[in-house]
Amino acid sequence: MTTKTANTAAIVGVAESDLGEVGPGVTPLDLIGQAATAALADAGLTKDEVDGLFSASVYYPMANLNTAEYLGIQPTYSDSTNMGGSSFVAHLNHAAAAIEAGRCEVALIVYGSIQRSASGRLVSSGESTPYEDPYRPRYPVSAYAMAAARHMHEYGTTREQLAEVAVAARQWAWLNPKAFARDPLTVDDVINSRMVSSPLTARDSCLVTDGGGAVVVTSAERARHLRRPPVRLLGAAEAHWHRSISAMPDLTRTAATESGPRAFARAGIGPSDVDVVLLYDAFTINTILFLEDLGFCAKGEGGPFVSDGRIAPGGKLAVNTNGGGLSYCHPGMYGIFLIIEAARQLRGECGDRQTPGADIALVHGNGGVLSSQTTAVLGSPATG
Amino acid sequence: MSPAATSPPATVFREFLDSGRLGFQICASCEQSVFYPRVLCPHCGGQDLRWRESAGTGTVYSTTTVCRRNETYNVALVDLDEGFRMMTRVEDTPPEDVRIGMRVLLQVRHDPDRSEPVAVFVPAEA
């Protein structure tokens, strides 16, 4: 396949740290260290070759300073853009731009969190505001719940269709030995689990786990001489329209309607070319919204699209093949894990959950309360 | 220029609430409503924002029943008839009975937990 972006950046190394529940005493930086070391080894590079650093954190407001100090690196290009869980797909976009501009050559994108061991709860990244605090929404789930309620109202999306998203994710997780939640899960289990913010239950909601991840990006030219077949970044784009849910113009239509088409345009391909789809599924409604907004189905048809196992293993479209934030891992911010799974699918390393002959992957990050949307289209080594 | 025009937007908003009213802004340039209050119009960039008192009538845009350990309560987004949306809660009815499309009326009530006035809504038809 020939695309427009023959000489852009490539992903040459990916890795997770320990995942799940790492136990007391481990710091987010320890997980960053594990993941960075493993991803650089995957690439066949050393830390001293990293000149571009990209990270975001809820623990460290100056994330790159802590990260570089811990890793013992001295980057000449540094970007800790934080737009929530979508940040790492944005970092991929920024890293590619920096590499193409000659500002750095080896970019390390890295993340770590001990959300589960530290508190068993999400560390809230919502600010205080006199316009929302008095009403005590549960951040962030109440915002997603209101999006789900509105989608159900406008398009007739059902409670069962939301549950189908969680069940499909769980069935993928059964095929991923690293997935955190692998016990049986039915549509009824999802609907009847503890209500958190109606219509969303605990099983409509992402996991709270520990975990870290790292991605190494370099130029297409340099990538040709490294140990792994390069995964090509064909196109990426980002968009954000609001911060607080009360400022979101239409709760059923996200800024993915902008980031998606721009990423596809840069790649010179469209949704029908995509073999495997990695969407940020913080809540079940996300998967439905993003399949619509990215053009895999029409607006309002996401509910039927995910039903009857169509996005589960053996279904029509391979979506969230690692088990997603719903069943694989979700350490506060999840976006980097989308990239890791997409790269592995395109390298053909996914074993029981491998999408046969996967050439094109779409990665879509979400941050805040449906606030920031970042899309990347990746190509297998064969597309180069 | 009135004293209110030179006060910080959040301060004026609170002064409205203290007097039992819901304040919002209208941009003198593009005539669109602005909420939450701020120093520039997010629609056109205009700086001449005029305070108005909302009539307090609106429609539920979306709603959720929040469940915490010992309580359930409503959180809603309400579209005011003046053309702005705000987060709020609908009271005087069970939270699960709040419906999208429901007409609601403003009530500024005392929030005992926060010891301050809060803008809530009640169903327009009992």
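The values are calculated or read from the model by the stated rules, or taken from the named source; none is laboratory data. This is a predicted model, so every value here is computed, not measured. Reconstructed Cβ throughout: ideal geometry from the backbone, glycine too, with neighbour counts over all protein chains shown. Calculation scope for accessible area: heavy atoms of the full protein, side chains included, ligands and nucleic acids excluded. Shrake-Rupley method; radii C 1.70, N 1.55, O 1.52, S 1.80 Å.
Find the sum over both chains of the accessible area lost when B and A are paired, probe 1.4 Å, and report it in Å² to the nearest 100.
Details: alone 7670 and 14340 Å², together 19590 Å².
Separately minus together, B and A give about 2400 Å² buried.
If each of B:D111 and A:E49 carries a label point 7 Å out from its Cα toward its Cβ, how far apart are those two points in nm?
Between B:D111 and A:E49, the simple spin-label model gives 5.4 nm.
Which FRET efficiency value, to the nearest 0.05, is calculated for A:D308 and B:H43 with the Förster distance at 45 angstrom and r the Cβ-Cβ distance? Each step should come with its number before you reach the end.
On the way: r = 44 Å, r/R0 = 0.97.
The computed FRET efficiency comes out at 0.55.
If you project the alpha carbons of the range B:9-53 onto their three principal axes, what span does each projection cover, largest first, in Å?
Between the extreme Cα coordinates on each principal axis of the range B:9-53 lie 30, 15, 13 Å.
Counting partner chain Cβ atoms within 10 Å of every residue's Cβ in B:66-73, what's the average?
Values: counts 11, 9, 4, 0, 0, 1, 3, 2.
So the per-residue partner count for this stretch is 4.
For the range A:137-152, what does the Karplus curve 6.51 cos²θ - 1.76 cosθ + 1.60, with θ = phi - 60°, yield as ³J(HN,Hα) per residue in whole Hz, taken in order and with x for Gly and Pro?
x, 7, 8, x, 5, 4, 5, 5, 4, 6, 5, 5, 4, 5, 5, 5
If R₀ is 22 angstrom, what is the calculated FRET efficiency for the pair B:T57 and A:S128, using the beta carbon separation as r and rounding to 0.05?
After rounding, the FRET efficiency stands at 0.15.
Find, among the GluC sites (Glu not before Pro) in the range A:124-175, those assigned to loop by DSSP (not H, G, I, E, B) with at most 14 other beta-carbon atoms within 10 angstrom. Don't skip to the end; give the middle numbers.
Numbers: sites: A:E127, A:E132, A:E154, A:E160, A:E164; in loops: A:E127, A:E132.
Counting only loop positions with at most 14 other Cβ atoms within 10 Å, the GluC sites (Glu not before Pro) in the range A:124-175 are A:E127.
With each pseudo-label sitting 7 Å past Cα toward Cβ, what's the B:R68-A:T27 distance in nm, one decimal?
3.3 nm
Read phi for every residue in the range A:88-95 and hand back ³J(HN,Hα) as whole Hz from Karplus 6.51 cos²θ - 1.76 cosθ + 1.60, θ = phi - 60°, with x for Gly and Pro.
6, 6, 5, 4, 4, 4, 5, 5
When the helix-only estimate is applied to chain B (DSSP H runs of n ≥ 4, each -39,500 (n - 2.57), divided by the residue count), what is the mean residue ellipticity at 222 nm, nearest 500 deg cm²/dmol?
Computed ellipticity for chain B at 222 nm equals -3000 deg cm²/dmol.
Using amide H atoms built in the peptide plane, which far-off residues or other-chain residues are under 5 Å from B:D111 H to H?
Sorted by chain and number, the residues that satisfy this are B:E116, B:V118.
In square nanometres and to one decimal, what's the mean projected area of the convex hull around the Cα atoms of chain A?
On the way: hull surface 67.2 nm².
Mean shadow area of the hull around the Cα atoms is 16.8 nm².
Roughly how far apart, in whole Å, are the Cα centres of the range B:36-102 and the range A:235-270?
That distance is 25 Å.
List the relative contact order of chain A as a percent without decimals, with contacts defined as Cα pairs under 8 Å and 6+ residues apart. Write down the numbers at each step before the final one.
Details: 946 pairs, mean separation 102.9, N = 384.
Contact order relative to length: 27 percent.
Taking amide H positions as placed 1.01 Å from N in the peptide plane, with prolines and chain starts having none, which residues 5 or more places from A:V196, or on another chain, fall under 5 Å of its amide H?
Amide H neighbours of A:V196: A:T201, A:A202.
State which stretch of chain B is the longest one without any exposed GluC sites (Glu not before Pro), exposure meaning a DSSP loop state and at most 14 other Cβ atoms within 10 Å.
Details: sites that count: B:E31, B:E125.
That would be B:32-124.
Residue by residue, what Karplus-based ³J(HN,Hα) values in Hz, rounded to whole numbers, does the range A:349-363 have, using 6.51, -1.76 and 1.60 with θ = phi - 60° and x for Gly and Pro?
9, 9, x, 4, 9, 5, 7, x, x, 5, 10, 10, 10, 10, 10
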